[in-house]
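One structure is given here, and the rest of the page talks about it.
The values are calculated or read from the model by the stated rules, or taken from the named source; none is laboratory data. From a predicted model like this one, the values you see are computed outputs, not experimental measurements. Here the Cβ positions follow ideal geometry from the backbone for every residue, glycine too, while neighbour counts run over all protein chains shown.
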Number of protein chains: 2
Amino acid sequence: MISDKRIGVLGGGQLGRMMAEAANRLQLAVHILDPAPQAPAKQLLAAYPHVHASFSEPTAIQQLAAECDVLTVEIEHVDAKALAQVACPVQPAPSTIALIQDKLQQKRHLRSHSVPVPDFVECASVAEAERAGEAFGYPLMLKARRLAYDGRGNAVARTADTCAQAYGALGSGDAQKVGGVYAERWACFRKELAVMVVRSADGQVASYPVVETVQRDNICHLVLAPAEVPSSVADEARRVAEMAIKTLEGAGIFGVELFWMEDDSVLVNEIAPRPHNSGHYTIEASETSQFENHLRAVAGLPLGGTALKVPAAVMINLLGGPGLEEAARASLSVAGATLHLYGKPEARVGRKMGHVTVVGESVAAIMQKAQPILAAIDATTTDAAAAEANVAGAPSAERPLVGVIMGSDSDLPVMRAAADVLRRFSVPFELTIVSAHRTPARLTEYARTAAQRGLRCIIAGAGGAAHLPGMVAAQTSLPVIGVPVKGKCLDGVDSLYSIVQMPRGIPVATVAINNNTNAGLLAVRILGVRDSQQLAAMEAFLDEQEAEVMTKIDRLAKVGYEDY
Amino acid sequence: MISDKRIGVLGGGQLGRMMAEAANRLQLAVHILDPAPQAPAKQLLAAYPHVHASFSEPTAIQQLAAECDVLTVEIEHVDAKALAQVACPVQPAPSTIALIQDKLQQKRHLRSHSVPVPDFVECASVAEAERAGEAFGYPLMLKARRLAYDGRGNAVARTADTCAQAYGALGSGDAQKVGGVYAERWACFRKELAVMVVRSADGQVASYPVVETVQRDNICHLVLAPAEVPSSVADEARRVAEMAIKTLEGAGIFGVELFWMEDDSVLVNEIAPRPHNSGHYTIEASETSQFENHLRAVAGLPLGGTALKVPAAVMINLLGGPGLEEAARASLSVAGATLHLYGKPEARVGRKMGHVTVVGESVAAIMQKAQPILAAIDATTTDAAAAEANVAGAPSAERPLVGVIMGSDSDLPVMRAAADVLRRFSVPFELTIVSAHRTPARLTEYARTAAQRGLRCIIAGAGGAAHLPGMVAAQTSLPVIGVPVKGKCLDGVDSLYSIVQMPRGIPVATVAINNNTNAGLLAVRILGVRDSQQLAAMEAFLDEQEAEVMTKIDRLAKVGYEDY
């Protein structure tokens, strides 16, 4: 109805299956080329003829092309030459697929278009690899040019002594198949990031938010959306990813893997010319999924929105192995979790059998509620791997939403009441000392990183020349609540004036002198703007307060004022 | 993997198709009984055998049961007697399906369990219908007991004179088939509401949020989620809906249609023992869709969460007719819109061919961005119907998020600055006068309905004995920003103290005297807690402010302080 184009897909695995889900909703005809008659994608497509043959077999590709109006891929390891010879359009362009198949050519292409990538050099021999080691230092990453995925085709030389061994490990496969070796400068990254970019038939590109990918044994374990990175880094990651995809030809979705480096630069690791594991979260969390946008691009339809429709999402891969079934079952009892099983017949250890996407208020909150799923997976991996994964960036404690700060520990007795209110409303918070006059650098650091760290509101208390709330407000875009603390002279009016009389441009939400209870309650009301449960809790609190006074009114009426 | 139970579904239309989508994700085997070999549901289920026969044919039902471990339905007009005789379990219970098929029995059952329903009485003759008219008044609703849907089987007698005619219209069908007639007191409802309720195999029930359904020509046109109703009405609607489903036997999802009456009571209109059109929005907007929760209930798996994962959603039905294709295409360019086409071969006028769900920040905001879809539909309906639909509850103007109120119009020159800031940040707001001392009733009404009306924050300015901000804060759970307005005496310190020195329990976020700019900016920071675009806009504003001062610093350095 929206398009009559028959779309042929090379490959019928889970990526094809999730494309099929989107295609069915849009009533788009999809024909699958895959050797398995019951391939995951074919299971969902009863109404169309499929080709049961290898997606790297030229005659089968010809046959698919004869039946379809446009071809696309769910895997890049296809016969790009055969694709270049079919009569119908292919998206993305066969030249793009061929370029990406050869990772050395891919890197050269990106570098020639000024897309930042790690330093690399071709190594035709062990001696060249050793020279690369001298130039780049150790550890040194050696990579096969072709047929690499999920860490296969990579070898690490920790020292010059092991360079020959690492080189041999890569060459020991079919040298023709792997197409040679190149060396890359070791990427001392802070986090691995990924950005999905969709390119329309007319060359427009749009990117999804930056996510963090957490690997385990070189296979994607978790995807955290959005990535917790400074907004400048997120902007740079999207810019670099879009820039990289603009250099390629053809329409479709692309997965761009990135490194966030120690110096805050962002480098492209590699590109996938198809839907990508790091974009599965988009099915539940984004305005339009990566699969639907891929089909729209391929069919020449308008692209859909790429914004998140929920605050955050975490994707957990389910791999073949003893914990698989337990993890899948555990997901059924996690609120906001959606289970995807791929319909693959055998759960070979390490094979991607499904995934779970959990949505929620923040990545930290999701990680907490997803614990039963992660525990089921961890129970079957070695303790060492589990420990490593914890270090690798899986936050487990609840991340604070409110920062309670005070100029001095002498303010603590007064500030405590705010903490008590937050605890009562189950709002995660942090409480610390930040002195405007004695720790000005700390104040700046605290205020400038507050939003990035996930805080949504700050309560700042101070006495006398109470500069803390206003100076914090000047360096954050979060709402800041100021509490004037009563000192020994002037009854707190000094700090009240100092806090409330802010200049135009920088507001501080000031509450009554010493009234930290109200500061806490105001913070809860502010969080209620985002979280309807907090709004309801505040309504209940007001009702309770009213009931308390009503009881006193009753008692006063019964007992009389003399005996009250 | 999570369940080996083969699930047989009677009916293979769009509800079966959307069940199949969920089943495929969960790797649950679904066998469809439907006369059409290419029924919408079968198109998505290539791996399982189906039965090509009518879902009301006893032998076909037997055959399906022989192949499956549990049966369920996507339509209630099935042979309930045949279902009662199969060997495997049927969910919900055949007795429940039979009860619901006879709408008079359904009403009697609900009334006998104290579930509130409109007054009704059986009418075995025209004379009895006329007696019902005397008792209930006119207009009088006459309904066929059986085989009614989308307004068919209903007839309205506007006056006593037309009672016989209306009665005849219902009886004119196959009297055996319709099973008799009953009369219902005309429901003068404020809105039509609906609640999806899921009942697990062990009898636990959980409900989805209350939605508003907007009908056009007796067919569901729009579903607005959540419904804009007072929270007490929403609570009552869920209570009544859950209460009704608890009286029924068997597991699965149920759609409960409700009337919100003028006196704020909530009455059950009727119940569907299956997924329901009013629950389609749950696919994109809820933690777990109605279809997945139905399958989970039927298969004896744990139920999934029923909370909204996005702030709001609007579902738009796409009916067969000339505007269908245009509306479907228009949806592709609406951010947050997801198109569902059902794969039905012919687009008979009025047939449900698909739907679009649009998610967003609020129903009002969604209605605005969905205009191109609605316009495509409206272009093909009569103007009268379109006008009626507009009246029926489709808000189109942008709903305010911030309320700016002042005690007197003399405060306007000062308050205007807050409005200017909100306009600069594109925040929809309303501005009006609410006087604590001169219009106390209006104050209460304003404060108590503010959250329901979609406001997220209130800015209240007042001078002198400035009670407005505090009195508003006492009657809402929203954050209230107080602006002390400087009067003729005391320099505004009178109103500052009156606003800021609130008692413990009711905070007011006080800003500097007369500083409405900061009140507006604080409101934007508060909205930033929910809306990351606002947060980014505030960051940009702070940068801009800094740049302005930096320019002055440069100028001062260049020009020197004498000539500055």
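The figures follow:
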| item | result |
| --- | --- |
| Among (1) surrounded by 18 or more Cβ atoms within 10 Å (Cβ to Cβ); (2) modelled with pLDDT of 85 or more, the one test that A:Gln534 misses | (2) |
| Hey, A:Ala299 of a type in the set (Gly, Ala, Ser), touching a strand residue (DSSP E or B) at 6+ places or on another chain (Cβ under 7 Å) and within 14 Å of chain B (Cβ to nearest Cβ) or not | yes |
| Some residue of segment B:139-160 being surrounded by 16 or more Cβ atoms within 10 Å (Cβ to Cβ) and either assigned to a helix (DSSP H, G or I) or touching a Pro at 6+ places or on another chain (Cβ under 6 Å) (or both) | no |
| Candidates B:Thr510, B:Thr517, filtered to the one that is out of contact with any strand residue (DSSP E or B) (no Cβ under 8 Å at 6 or more places or on another chain), assigned by the TED database to the domain that holds B:Leu422 and of a type in the set (Ser, Thr, Tyr) | B:Thr517 |
| Cβ-Cβ under 6 Å pairs, at least 6 apart or on other chains, segment B:302-314 side more than 7 Å from every other protein chain (Cβ to nearest Cβ), far side modelled with pLDDT of 95 or more and surrounded by fewer than 23 Cβ atoms within 10 Å (Cβ to Cβ) | B:Leu303/B:Ser200; B:Leu303/B:Ala206; B:Thr306/B:Ala206; B:Leu308/B:Pro209 |
| Qualifying positions in segment A:238-286 - under 19 Å from A:Ala187 (Cβ atoms) and among the aromatic types (Phe, Trp, Tyr) | A:Phe259, A:Trp260 |
| Boolean, B:Asp34 is farther than 30 Å from A:Thr357 by Cα, within 14 Å of chain A (Cβ to nearest Cβ) and charged (D, E, K, R) | yes |
| Selected residue (criterion: farthest from the other protein chains (Cβ to nearest Cβ)) from residues of segment A:239-266 that are assigned to a helix (DSSP H, G or I) and surrounded by 20 or more Cβ atoms within 10 Å (Cβ to Cβ) | A:Ala244 |
| Positions within segment B:41-80 being more than 14 Å from chain A (Cβ to nearest Cβ), modelled with pLDDT of 95 or more, crowded, with 19+ Cβ neighbours inside 10 Å and assigned to a loop (DSSP other than H, G, I, E, B), in sequence order | B:Cys68, B:Glu74 |
| Residue count, segment A:184-217 (criterion: buried (at least 17 other Cβ atoms within 10 Å of the Cβ) and farther than 24 Å from A:Gly133 by Cβ) | 21 |
| Scope segment B:316-344; condition in a loop (DSSP other than H, G, I, E, B), closer than 22 Å to B:Gly12 by Cα and facing chain A (nearest Cβ under 7 Å); matching residues | B:Gly343 |
| Residue count for segment A:291-309, restricted to those that are polar (S, T, N, Q) and either surrounded by fewer than 21 Cβ atoms within 10 Å (Cβ to Cβ) or under 15 Å from A:Ala241 (Cα atoms) (or both) | 1 |
| Given (1) within 7 Å of chain B (Cβ to nearest Cβ); (2) modelled with pLDDT under 90, index of the condition A:Glu546 fails | (1) |
| Of all residues making up segment A:9-31, the number that are touching a residue at least 40 places away in the same chain (Cβ under 8 Å) and within 10 Å of another protein chain (Cβ to nearest Cβ) | 7 |
| Filter result (under 19 Å from A:Leu26 (Cβ atoms) and facing chain A (nearest Cβ under 10 Å)) within segment B:345-381 | B:Ala347, B:Met353, B:Gly354, B:Val358, B:Val359 |
| Selected residue (only one of A:Val549, A:Val472 is farther than 27 Å from B:Glu361 by Cα and not assigned by the TED database to the domain that holds A:Arg453) | A:Val549 |
| B:Ala299 assigned by the TED database to the domain that holds B:Val210, modelled with pLDDT under 95, among the aliphatic types (A, V, I, L, M) and at negative phi | no |
| Per-region count, segment A:191-210, residues in contact with a helix residue (DSSP H, G or I) (Cβ under 6 Å, 6 or more places away or on another chain) and farther than 25 Å from B:Ser333 by Cα | 2 |
| Helices (runs of 4 or more DSSP H) completely within segment B:428-524 that count 2 or more residues being buried (at least 24 other Cβ atoms within 10 Å of the Cβ), at pLDDT 90 or above and at the interface with another protein chain (Cβ under 9 Å from one of its Cβ atoms) | B:493-500 |
| B:Glu270 vs. criteria closer than 20 Å to B:Val115 by Cβ, away from every other protein chain (no Cβ under 14 Å) and part of a helix (DSSP H, G or I) | no |
| Candidates B:Val298, B:Val266, B:Val314, B:Val334, filtered to the one that is hydrophobic (A, V, I, L, M, F, W, C) and touching a Gly at 6+ places or on another chain (Cβ under 7 Å) | B:Val298 |
| Given (1) part of a strand (DSSP E or B); (2) under 30 Å from B:Ser114 (Cα atoms), index of the condition B:Ala297 fails | (1) |
